[in-house]
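Chemist: Below you will find the structure I want to go over with you.
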Amino acid sequence: MTDAQDYFAARLAFETDPSDVYAAQRSGERLTLVDVRGHDAWAQGRIRGAVHLPYREIAERAPSEIPRDTPIVVYCWSPGCNAGQKGALAFARLGYDVREMIGGYEYWVREGQPAENDDGPLARIFDPTVMVVRG
């Protein structure tokens, strides 16, 4: 039982999900949301308010662009993408307090949270296969 408790406690310490991140944003919680995907993905669509820092550039750019005492939440495309873990590891190696947003951009959009691209806001669509949709 202790192994399971330790495992799940550790996951919760280092992971969050789109609805919790959105709630944190709305409540004014201090965090920097970092999109660790490539430039084409960023241009196609991103979470409103996110910072773009591809995971391969974190070690070089983060220390001069993001204060070290800033809580970080990283995301990539989806549960099928491990760039979020790569980005989180890069931030952790630099000493940041970092969590990964499980589900990534895909689940953020599927839950109807605010997203945008280079042309402006994207339509908010609520997917009933990942959440309860109310009238």
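The values are calculated or read from the model by the stated rules, or taken from the named source; none is laboratory data. Because the structure is predicted, anything quoted here is derived from the model rather than measured. Neighbour counts are summed over all protein chains in view; Cβ atoms, including those assigned to glycine, are modelled from backbone coordinates with ideal geometry. Surface accessibility is based on the protein's heavy atoms, side chains included, excluding ligands, DNA and RNA. Shrake-Rupley method; radii C 1.70, N 1.55, O 1.52, S 1.80 Å.
Chemist: What is the distance in Å between the Cα centroid of region 9-73 and that of region 86-127?
Modeler: First find each Cα centre; the distance between them is then 7 Å.
Chemist: For Thr129, Thr70, give the ranking by accessible area with the largest first, probe 1.4 Å.
Modeler: Values: Thr129 105, Thr70 15 Å².
Largest accessible area first, the list is Thr129, Thr70.
Chemist: If you place +1 on the Cβ of every Lys and Arg, -1 on the Cβ of every Asp and Glu, and leave all else neutral, what size is the dipole of the chain about its Cα centre, to the nearest 20 Debye? Display every interim value, and only then the final one.
Modeler: On the way: 15 positive and 20 negative charges, 21 e Å.
Charge dipole, the chain, about its Cα centre: 100 debye, nearest 20.
Chemist: Taking 35 Å as R0, compute the FRET efficiency from the Cβ-Cβ separation of Ser64 and Arg134 and round it to 0.05.
Modeler: On the way: r = 44 Å, r/R0 = 1.26.
That gives a FRET efficiency of 0.20.
Chemist: Which of Gly45, Gly28, Gly104 moves the most in a Gaussian network model of the chain with Cα springs under 10 Å?
Modeler: Ranking Gly45, Gly28, Gly104 by mean-square fluctuation puts Gly28 first.
Chemist: Let me ask something additional. Suppose we keep just the alpha-carbon trace of region 1-78; what are its Rg and Dmax in angstrom?
Modeler: Just the Cα atoms of region 1-78 yield Rg and Dmax of 14.4, 45 Å.
Chemist: Keeping all protein chains in place and using 1.4 angstrom, which order do Arg93, Arg110 fall into by accessible surface area, from largest down?
Modeler: Details: Arg93 185, Arg110 60 Å².
Highest to lowest solvent-accessible surface, that is Arg93, Arg110.
Chemist: Report the gain in length on full extension from Phe14 to Arg93: 0.36 nm times residue separation, minus Cα-Cα distance, nm rounded to one decimal.
Modeler: Working: separation 79, 0.36 × 79 = 28.44 nm, distance 1.40 nm.
Taking Phe14 through Arg93 to full extension adds about 27.0 nm, to one decimal.
Chemist: Once the convex hull of the alpha carbons of the chain is built, what does its volume come to per residue, in cubic angstrom?
Modeler: Numbers: hull volume 18.2 nm³, N = 135.
Residue-normalised Cα hull volume stands at 135 Å³.
Chemist: How would Ser19, Ser78 rank on accessible area, largest to smallest, probe 1.4 Å? Kindly include the intermediate steps, with their values, before the conclusion.
Modeler: Working: Ser19 50, Ser78 25 Å².
Of Ser19, Ser78, the descending order of accessible area is Ser19, Ser78.
Chemist: Run the simple label-point estimate for Asn82 and Asp3 please: 7 Å along Cα→C-beta, distance reported in nm.
Modeler: 2.2 nm
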